[in-house]
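Data block below; observations after.
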Amino acid sequence: MRSWSETLRFAFQPVVNLTTGSVAAVEILARPEAGDILAEARRDAELDGRLAAFAVRCAAHRGTLLPLHVNVFAGTLADLGGLGALRQAVRDVGRLPWEVTVDLCPPFTHVPHRALLEGVTALRADGFRVCADGVGDGDVPMRLLTDLAPDIVKLDASLLTRGSAVRAMRTLTEHLGALLAVEGIETEVQCAATREAGAQLAQGDLFGPPARLPSAEVYFPPQIARSTPPGPAGPSVREFLRPAPLLPVTARAGHVRALLTGSPDVSGALLVDPDGVPVRSVHRDRFLLSLSARYGHALYADRPAVRLGDVPRTVGIDATAWEVLDVVAGGEHSRSGEDVAVVDRRGRCVGVVRLTDLVRALTESRVEEAVRLNPLTRLPGSDTVAAEVDRRIADGRAFTLSWLDVDGFKQVNDGAGFAAGDDLIRQIGHLLRRTASGTTRVGHIGGDDFLVLTDPEALDPLAAEILNVPWSAGGRAVTVSLATVLCGPGTVRDHRQAAACLAPLKRAAKALRGASWVLGHADLPGHEIRRGSGAAAAGAGCATGG
């Protein structure tokens, strides 16, 4: 009877970066030809550990340079702790631990959590990355998920029908410093929903089904813009990570040449020390040019490749795309097209980013933003503010949402002319745009209506700056009305409920004489008149409790 190792085959499925459209890693999937070896592995921790080691050796035999995802049952890690067989296999095939992500698979219910966390700590101490697999469709407790603080969280595609759950998980992964992946993507509609929910990674038959040979070539559908724009600091560098070809700093030039000539899509290699810290960056074109020059091969082939490398350009894993561009702009012009190495908090290389990916994404972001801008004020519409409101609600942050408009604006247009009315709107928009710094967001809904989102502590000075201006149009004095709802953590479900609370406050403010300001609380009835006169301070609240 043949042993399980003789009847077991492995398939490789790409994990795709949804921002760059490139393959970020390959997951190794066991495919037994006979028996149910996976069911046995679920009950036998030692067997499961040997399967993981066997998977790494198989990937090495296939010659892939891509980072690897290896599946291990959570109970196995709790039982075996360090996964010695996997560690040994990674060393034997010459891979670095941080090129390997251990996907922890359910069940989690009967797994001793303390032992599991100790196992994760041991893996991380050696440099392995950790992924929580089967989240949302499995049995991983939320408390355990936060304690694990995984590098990646994988969700099942069935959750895409519950978009709010996926978006909430995206918020959680941001707090954990993790990437969000969705598995089982089969259609372009699912891919669009995945990107809409903010996931950075995906895998499934749409991109490439499991295959006997790992491949860096995948189908990637046309990009569909996300409705949630990147924050003011720019998108995270994590969204643009590509696998980094890593070689030990002791590698010979001939070894690097073999790597580059055998992988035409690789733009260069990084030479790292035993801890994985980049020491030298080898650029493909300059390196191959040096070796192809007269006597170049004789001079360099058997010598350390470090002599032909440059000091690497690096950014931290928490950097933004704009910070990467600053690094590129501040360097030598001749190196402006090189990849930039991304390092974790220990200085170890976790990937590279390409300038072309950054420029493309940031350009698309700016084009999309420009399309959303009001042509009169150059301010975004309500969608931008609504998305930020939902983000703050998900983060559990207090905020204030204000509605500003001009009193009697129709009479302004009728009496002073539409050109004077447009000038007034531009002036208000200019003031709001100037004050929209830090955490303040401003939107122009249309006509004379504006939205202002800010933190509670920034509200008073912002309101004073708006209301104390002697507005005028065509020589006519004009006043404005401001209505504000203060939303504490948990007081509103989403931006729609916040807007519903704001509507009666706006009516109350418009009922006052002169420049007016009304403030209400989302969870309390009634309102407070901060500016203006001529109305009672009751009956316009929006209590959401109970």
>> If amide hydrogens are placed 1.01 Å from N in the peptide plane, which non-local residues have theirs closer than 5 Å to the one on Gly268?
In response: Arg284
> When Thr19, Thr439 are ordered from fewest to most other Cβ atoms inside 10 Å of their Cβ, what list results?
Replying inline: Thr439, Thr19
> How do His283, His495, His255 line up, fewest other C-beta atoms within 10 Å first?
Replying inline: His255, His283, His495
>> Between Ile445 and Ala329, what is the label-point separation in nm under the 7 Å Cα-to-beta-carbon projection?
In response: 3.7 nm
> How big is segment 423-535 by the Kirkwood estimate over distinct Cα pairs, in Å?
Replying inline: 14.8 Å
> Once Rh is set to the Kirkwood radius over Cα pairs, what Stokes-Einstein translational diffusion coefficient, in µm²/s, holds for the chain at a temperature of 37 °C and a viscosity of 0.692 mPa s?
Replying inline: 124 µm²/s
>> Within 10 Å, at most 16 other Cβ atoms, and a DSSP state outside H, G, I, E, B define an exposed site. Report the longest part of the chain free of exposed GluC sites (Glu not before Pro).
In response: 333-546
>> Can you give me the C-alpha center-to-center distance between segment 47-120 and segment 269-291, rounded to a whole angstrom?
In response: 28 Å
> Under the rule of -39500 (n - 2.57) per DSSP H run of 4 or more residues, summed and divided by the residues of the chain, what mean residue ellipticity at 222 nm is obtained, to the nearest 500 deg cm²/dmol?
Replying inline: -11000 deg cm²/dmol
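Quick check on the exposure proxy: order Lys510, Lys410, Lys154 from fewest to most C-beta atoms within 10 angstrom.
Final ranking by Cβ density, sparse to dense: Lys410, Lys510, Lys154.
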> At a Förster distance of 30 Å, what's the computed FRET efficiency of Glu46 paired with Val218, Cβ-Cβ distance as r, to 0.05?
Replying inline: 0.30
> Based on the Cβ-Cβ distance of Asp460 and Leu29, what FRET efficiency does E = 1/(1 + (r/R0)^6) give at R0 = 56 Å, to the nearest 0.05?
Replying inline: 0.45
>> Need the full-extension length gain, Arg426 to Asp92, defined as separation in residues times 0.36 nm minus the C-alpha distance. One decimal, nm.
In response: 113.5 nm
> Near the amide H of Arg531, under 5 Å away, which other amide H atoms are found, from residues 5 or more places off or on another chain, if H is placed in the peptide plane?
Replying inline: Trp517
> Can you give the extra length, in nm with one decimal, that the chain gains between Ala258 and Glu118 once fully stretched, where that is 0.36 nm per residue apart less the Cα-Cα distance?
Replying inline: 46.4 nm
>> Tell me whether segment 4-219 comes out rounded, prolate or oblate; compute the Cα gyration tensor, take square roots of the eigenvalues as a ≥ b ≥ c, and use a/c under 1.5 as the rounded threshold.
In response: oblate
> Mind listing the phi-derived Karplus ³J(HN,Hα) values for segment 419-425, rounded to whole Hz, using 6.51, -1.76 and 1.60 with θ = phi - 60°, and x for any glycine or proline?
Replying inline: 5, 5, x, 5, 4, 4, 4
> Considering only DSSP beta bridges whose two residues both sit in the chain, what percent are antiparallel, to the nearest 5?
Replying inline: 60 percent
> Between Arg9 and Thr250, 0.36 nm times their residue separation minus their Cα-Cα distance comes to what?
Replying inline: 83.3 nm
> Which residue, chosen from Gly475, Leu524, Leu379, occupies the Cα position most advanced towards the positive end of the dipole of segment 375-533, where the dipole is computed from +1 (Lys, Arg) and -1 (Asp, Glu) charges on Cβ about the Cα centre?
Replying inline: Gly475
> Which part of segment 379-400 falls in the paramagnetic zone of Arg162, meaning amide N under 12 Å from the point 7 Å along Cα-to-beta-carbon?
Replying inline: none
> If amide H atoms are built 1.01 Å from N in the plane of the peptide, which residues on other chains or at least 5 residues away come under 5 Å of the amide H of Ile445?
Replying inline: Phe450, Leu451
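All of the numbers you see were taken from the coordinates with simple rules; none came from a lab. Note that the structure is predicted; figures quoted are calculated from it, not measured. Ideal geometry is used to build each Cβ from the backbone, glycine not excepted, and the neighbour counts take in all protein chains shown.
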